[in-house]
Amino acid sequence: MGSIAESLRTAITLILSGDRDVVSAVETSLGVALWSVLIASAIGVPLGVAVALGKFPMKRTVRVVLNSLMAIPTVVIGLLVYGLLSRQGPLGFLGLLFTPRAMIIGQAILATPIVANYTASAVQGADERILPTALTLGASSLQSMIQLAREVRFGIMASIIAGFGRVISEVGIAMMLGGNIRFFTRTMTTAIAMETSKGEFAFGLALGVILMAVSFAINVFLTVAQESHRA
């Protein structure tokens, strides 16, 4: 128990002192996660709306595929993207492997089905009369869709936050595509895994505290936003 308390004190000291390794890992994690979620949202939100509202053959199959992709192991995504970006791969000439951009690509692929699925569920749960009513009142198709998006905005926001939570805590893709390079591609999760295996429990604990704080802050933001809307 004493060693844990001592590690916690050391972890707090590392955080408050602005340790360079800690700051670099936090900045890399947040940067990669934010860009990944932005790309995933740009693809996943329209895809989710299309799946929810569209009438096309094999619609159920598409939903099954999206649900299945939510559970795909991260190392599989890492392996596939690694194959594409490696020197022998079709995109190897871009020189992206072991860079933050490679991590962003892999994590965007990971987050897209999550955002799409939750968005589709939010849209399907909306009042069915929103679109017909908006069209009847003279709104264009685009204006009707915007109105629908406003009605389910918290569901869409929750889908984006779920995607962010998935990628900020991800290890496999970050390790395989980033290479855990110090001050370049080392994230909080890869640093925690590496430093803890080396016996540097305090350093891993410091990053773990920050990671938990980020997750907590995001969930508080969503909760406050939803309660403000209800009020």
Subset of segment 89-101 that is among the hydrophobic types (A, V, I, L, M, F, W, C) and part of a helix (DSSP H, G or I) - its residue that is surrounded by the most Cβ atoms within 10 Å (Cβ to Cβ):
94
How many residues of segment 106-124 are buried (at least 21 other Cβ atoms within 10 Å of the Cβ) and either over 11 Å from the mean Cα position of the chain (by Cα) or among the hydroxyl-bearing types (Ser, Thr, Tyr) (or both)? The answer is 8
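Here is a check on your reading of the model: is residue 177 under 30 Å from residue 64 (Cβ atoms) and either aromatic (Phe, Trp, Tyr) or surrounded by 17 or more Cβ atoms within 10 Å (Cβ to Cβ) (or both)? Even if it seems obvious, please write down each step before you answer.
Working: under 30 Å from residue 64 (Cβ atoms): yes; either aromatic (Phe, Trp, Tyr) or surrounded by 17 or more Cβ atoms within 10 Å (Cβ to Cβ) (or both): yes.
Yes; evaluated as a whole, the condition is true for this residue.
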Output the number of the condition that residue 86 fails; it satisfies all remaining conditions of (1) of a type in the set (Ser, Thr, Tyr); (2) over 19 Å from the mean Cα position of the chain (by Cα); (3) surrounded by 18 or more Cβ atoms within 10 Å (Cβ to Cβ).
(3)
Among the residues in segment 50-68, are any under 30 Å from residue 207 (Cα atoms) and in contact (Cβ under 8 Å) with a residue 60 or more places away in the chain?
no
Note on segment 192-225: residues over 21 Å from the mean Cα position of the chain (by Cα) and aromatic (Phe, Trp, Tyr) are 201, 203
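Identify, from the list 15, 39, 4, the residue that is under 13 Å from the mean Cα position of the chain (by Cα) and either modelled with pLDDT of 90 or more or over 29 Å from residue 117 (Cβ atoms) (or both).
Working: 15 fails: under 13 Å from the mean Cα position of the chain (by Cα); 4 fails: under 13 Å from the mean Cα position of the chain (by Cα).
Just one listed residue meets the conditions, 39.
With surrounded by 17 or more Cβ atoms within 10 Å (Cβ to Cβ), closer than 30 Å to residue 55 by Cβ and over 21 Å from the mean Cα position of the chain (by Cα) as the only criterion, which of 130, 161, 146 stands out? First the steps, then the outcome.
Details: 161 fails: over 21 Å from the mean Cα position of the chain (by Cα); 146 fails: surrounded by 17 or more Cβ atoms within 10 Å (Cβ to Cβ).
The match here is 130.
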Just to verify a result, which residue in segment 18-36, among those that are under 16 Å from the mean Cα position of the chain (by Cα) and of a type in the set (S, T, N, Q), is nearest to residue 150 (Cα to Cα)?
36
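Condition test on residue 153, is it modelled with pLDDT of 80 or more, among the charged types (D, E, K, R) and either closer than 23 Å to residue 64 by Cβ or touching a Phe, Trp or Tyr at 6+ places or on another chain (Cβ under 6 Å) (or both)? Let's see the steps before the verdict.
Details: modelled with pLDDT of 80 or more: yes; among the charged types (D, E, K, R): yes; either closer than 23 Å to residue 64 by Cβ or touching a Phe, Trp or Tyr at 6+ places or on another chain (Cβ under 6 Å) (or both): no.
For residue 153, the condition - modelled with pLDDT of 80 or more, among the charged types (D, E, K, R) and either closer than 23 Å to residue 64 by Cβ or touching a Phe, Trp or Tyr at 6+ places or on another chain (Cβ under 6 Å) (or both) - is not met.
Restricted to segment 181-219, and to residues that are assigned to a loop (DSSP other than H, G, I, E, B) and at pLDDT 90 or above, which residue is surrounded by the most Cβ atoms within 10 Å (Cβ to Cβ)? Give the derivation first.
Here is the first cut: in segment 181-219, the ones assigned to a loop (DSSP other than H, G, I, E, B) are 181-187, 198-200.
Okay, now just the ones that are also at pLDDT 90 or above, so 181, 184-187.
On the way: 181: 13, 184: 13, 185: 22, 186: 22, 187: 33.
Filtering segment 181-219 for residues that are assigned to a loop (DSSP other than H, G, I, E, B) and at pLDDT 90 or above, the one surrounded by the most Cβ atoms within 10 Å (Cβ to Cβ) comes out as 187.
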In segment 60-79, anything within 16 Å of residue 173 (Cβ to Cβ), of a type outside the set (Val, Ile, Thr) and surrounded by 14 or more Cβ atoms within 10 Å (Cβ to Cβ) is listed as 69, 70, 78, 79
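Every residue in segment 96-117 that is more than 20 Å from residue 158 (Cβ to Cβ) and either touching a strand residue (DSSP E or B) at 6+ places or on another chain (Cβ under 7 Å) or in contact (Cβ under 8 Å) with a residue 12 or more places away in the chain (or both), please.
Going residue by residue through segment 96-117, those that are more than 20 Å from residue 158 (Cβ to Cβ) are 96-106, 109.
Of everything in segment 96-117, those that are more than 20 Å from residue 158 (Cβ to Cβ) and either touching a strand residue (DSSP E or B) at 6+ places or on another chain (Cβ under 7 Å) or in contact (Cβ under 8 Å) with a residue 12 or more places away in the chain (or both) turn out to be 97, 98, 99, 100, 102, 103, 104, 105, 106, 109.
The values are calculated or read from the model by the stated rules, or taken from the named source; none is laboratory data. Remember, predicted model here, so these are calculated numbers, not experimental data. Positions of Cβ are generated from backbone atoms using ideal geometry, with glycine treated the same way; all protein chains shown enter the neighbour counts.
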